[in-house]
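The values are calculated or read from the model by the stated rules, or taken from the named source; none is laboratory data. None of the values given here were measured: they were computed from a predicted structure. Neighbour counts run over all protein chains shown; Cβ positions are idealised from the backbone, glycine included. Surface areas here come from the heavy atoms of the whole protein model, side chains and all, with no ligands, DNA or RNA. Shrake-Rupley method; radii C 1.70, N 1.55, O 1.52, S 1.80 Å.
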Amino acid sequence: MCCYLITLVNLIKFGCRQIFINNSKSWYTLVRLLLFCFTLYLASCRCSTEYIPKAEFSPDSTIHATAHMWQGQYEYLSIDIEIKRTDSLFVKDITVFPTINDKEFFPVFEHYEMYSYYFEKDGKYKGGPYWTIFSNKVFDQLPSFLICHKMKFLKQINWIGAGFIVVGVGLSILNFMNFRSLWLDEAMLALNIVNKSAMELLQPLDYNQVAPIGFLLLEKCFATLFGNADWSLRIFPLISFFLAVFLIFSITNKILQSKLVAVYTTAFFATTFIVLSYSTEVKQYITDIAFALLILKASITYNDNGFKNKWWIYAIIGAVSIWFSNVAILLLFSGGIYSIYKTHYTFEKKYLRLGIVLGCWMISFLVYFSLFIYNHPTKSGMVDFWQEAGAFLPKDIFSFDFYETLFIKIGLLFKFSGYSSFSLVLLPIFLMGLYYLGKNKRGMLFLLNFPLILHLCLSYFKLYPFDKRLVLYLYPFLLIVIFSGFYYINTIAKVNNQKWLYILPLLLVTNMVLLFRSGFPVEKEEINESLSYMDSKYRKGDDLYVYYGASHAFEFYKKSFNFFSVIDSSDVVFSFDNRNNWSDYKLPVMNMNKSVWIIFSHVYWIKNADGLTEDEFILNIFKKNGYQIIDEQKYFGSSIHHAIKTIPSRNL
């Protein structure tokens, strides 16, 4: 009781200082502390508190002591205390650890649970958590002079992780402000958005493009509000990235109950090159991540009764997600199975409520499928395209090729983190995360991994391809499992050996190195730079030769340059895709004027028998036809060349 009285005195001193020195909001803190004091009083009625130092006159700089609080045969609280010899019991920087129970270690008091034990007749312990939620919140509010539940270096590590999150968000904004040019795929989708009305976007798109209807309409909204510029079309992907950053932190903290691990999971996600690359891309893939995490968050919250009686929120999130993400149905299927299981094994068994939720999802999916997916004109062409790209699993499940392809597909997820060697380092941690989740949180293991299994099944039946950008939504799920592995390592680490956690900042530094080695800020096909250079030197009467890979981006950007107002449409020649017969590239050159601008972008990378790429081959055609290249500028993924005809044409 002496310890309790000292604690009470210090609490009163702390409370008075908060009231008379700090602002009025400190009353709330004082009430919390007094409630905690009352809780200790209830727990310590007729109890004894004993401190057992390692040695009474230990020469060590640190004394280890154990405090037990008992009430009869019930043990209400047992903690290990590490005290510096130069400090008294209630000074700053005291480190307090919960006792290890059943080899489970809770590293900080925000994870602490009070247990009550009693003996059965057979001599075995039995018991469970008491005041868990209340104690977690109270311990989180304790002043540092009473109990410093986070060690100094843990605070530093937390701040380092939070700093990397800020860096990741800042890099995404920097990438947005870089105003890079649209590359081919972006340009084709952007042309549909800016050239079609909202009603026309409900029809099959031009250029074999496919995107969720909700994504297209929201992009159209931003284009209408801010103009048909590339940056206006990147606002929604950037917002989706911000939402994903918030959600992955919230989900990881919910699953592992560890803000430290949640911070580093989020920081790693926010500083990954491929995530930052797609955060400003005019495609739906970063939106897939945001809605996948939103569905996962909703599934966990609903089944933990986090929505209380507002179960309709779960229904709305699922129904709306189908219209914004093509992969939403995979997450909803997983969440639906998990919800059915949880509902069946709960006391209330609210089947009707869950049935309404699942019914809303089903109706939304059937409407979307019948209007926008069933008998889509691009279906056969897209199947052939992805088949050629190797995005489907082989049919023969007993063949070596099947398992080799399966291994490659799963390994693709690890490559999102950077280079292959770095991915190999994360693999054992991932396996430990699977083990931890399988042992302690099987429901979360199911929610995090079943979408991958579903996607592989769809790939096997050629219903949905398994390719890099199409499975990007699984990357945050992979990270949560990996950092669950780090959490598991932390639970089995020795109490006084937690400085191994410094490996987490080193992991983020490695991620940042890989980020800048991959090329950041992101540049892909800077055709805008090429057009800008040509615009500064263009003269009326000059011809323009547009390589077929640059045609869509040219169509998107041409109206923003002065040359567009003076150039005649007959002076612009668009080449065609002649990959199977390169000699056909000669035909347009024969009828061009004396002065020609030649623009390249998204050049076909395979070389011919002479070792030439298509742009080199086409430039050689101009040279053989009497042209001389008098000026050229090369940019990342694009180039512009000015050719003047100086001699008569040769026999081609």
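Could you sort 267-275, 633-641 so that the peptide with the highest average Cβ count within 10 Å comes first and the rest follow in order?
Numbers: 267-275: 24.8, 633-641: 20.0.
The packing order, highest mean first, is 267-275, 633-641.
To two decimal places, what compactness ratio does the stretch 443-492 give when its Cα radius of gyration is scaled by 2.2 N^0.38 Å? Let's see the in-between values first.
Values: Rg = 13.3 Å, N = 50, 2.2 N^0.38 = 9.7 Å.
Computed over Cα atoms of the stretch 443-492, the ratio equals 1.37.
Per residue, how much accessible area does the stretch 186-307 show when a 1.4 Å probe rolls over the protein heavy atoms, in square angstrom? If you can, show how the numbers build up before the last one.
Values: 3530 Å² over 122 residues.
Accessible area per residue, the stretch 186-307: 29 Å².
For the stretch 445-569, what relative contact order do you get, as a whole percent, if you take Cα pairs closer than 8 Å and at least 6 residues apart? All intermediate terms of the calculation are to be shown ahead of the outcome.
Working: 32 pairs, mean separation 20.3, N = 125.
Averaging sequence separation for qualifying contacts and normalising by length gives 16 percent for the stretch 445-569.
Going 7 Å from the Cα of THR378 in the Cα-to-Cβ direction, what parts of the stretch 212-230 have a backbone nitrogen less than 19 Å from that spot?
Answer for the stretch 212-230: 212-221.
Leaving out ligands and nucleic acids, and using a 1.4 Å probe, what accessible area per residue does the stretch 534-652 come to in Å²? Present the calculation step by step, with values, prior to reporting the outcome.
Details: 6400 Å² over 119 residues.
So the stretch 534-652 comes to 54 Å² accessible per residue, rounded to a whole number.
If packing is taken as the average number of other Cβ atoms within 10 Å across a peptide's residues, how do 178-189, 205-216 rank, most packed first? Can you show the working numbers first?
Numbers: 178-189: 21.2, 205-216: 17.7.
Per-residue mean Cβ counts within 10 Å order the peptides as 178-189, 205-216.
For LYS462, LYS409, LYS310, give me the order by solvent-accessible area with a 1.4 Å probe, most accessible first, ignoring ligands, DNA and RNA. Can you show the working numbers first?
Details: LYS462 80, LYS409 20, LYS310 115 Å².
The most accessible residue leads, giving LYS310, LYS462, LYS409.
Taking the Cα centroid of the stretch 234-270 and of the stretch 556-591, what is the distance between the two, rounded to the nearest whole Å?
45 Å
Expected output is a single nm value to one decimal: the length gained when fully extending between ASP401 and GLN257, i.e. 0.36 nm times separation in residues minus the C-alpha distance. What is it?
Details: separation 144, 0.36 × 144 = 51.84 nm, distance 4.14 nm.
Stretched out fully, the ASP401 to GLN257 stretch lengthens by 47.7 nm.
Determine, from the Cβ-Cβ distance of TRP500 and TRP605 and an R0 of 30 Å, the FRET efficiency 1/(1 + (r/R0)^6), rounded to the nearest 0.05. Don't skip to the end; give the middle numbers.
Numbers: r = 44 Å, r/R0 = 1.48.
For TRP500 and TRP605, the calculated efficiency is 0.10.
Any idea how far apart ASN581 and LYS558 come out in nm if each label point goes 7 Å out from Cα toward Cβ?
2.6 nm
When the C-alpha atoms of the stretch 505-587 are aligned to their principal axes, what extent does each axis show, in angstrom, from largest down?
Principal extents (largest minus smallest coordinate, Cα): 59, 36, 18 Å.
In the stretch 439-517, carbon and sulfur make up what percent of the accessible area (probe 1.4 Å)? Please list the in-between numbers first.
Working: 2120 of 3300 Å².
Its accessible area is 64 percent carbon and sulfur atoms.
Per-residue accessible area for PHE242 at 1.4 Å probe radius, Å² rounded to 10?
Ignoring ligands and nucleic acids, PHE242 comes out at about 80 Å².
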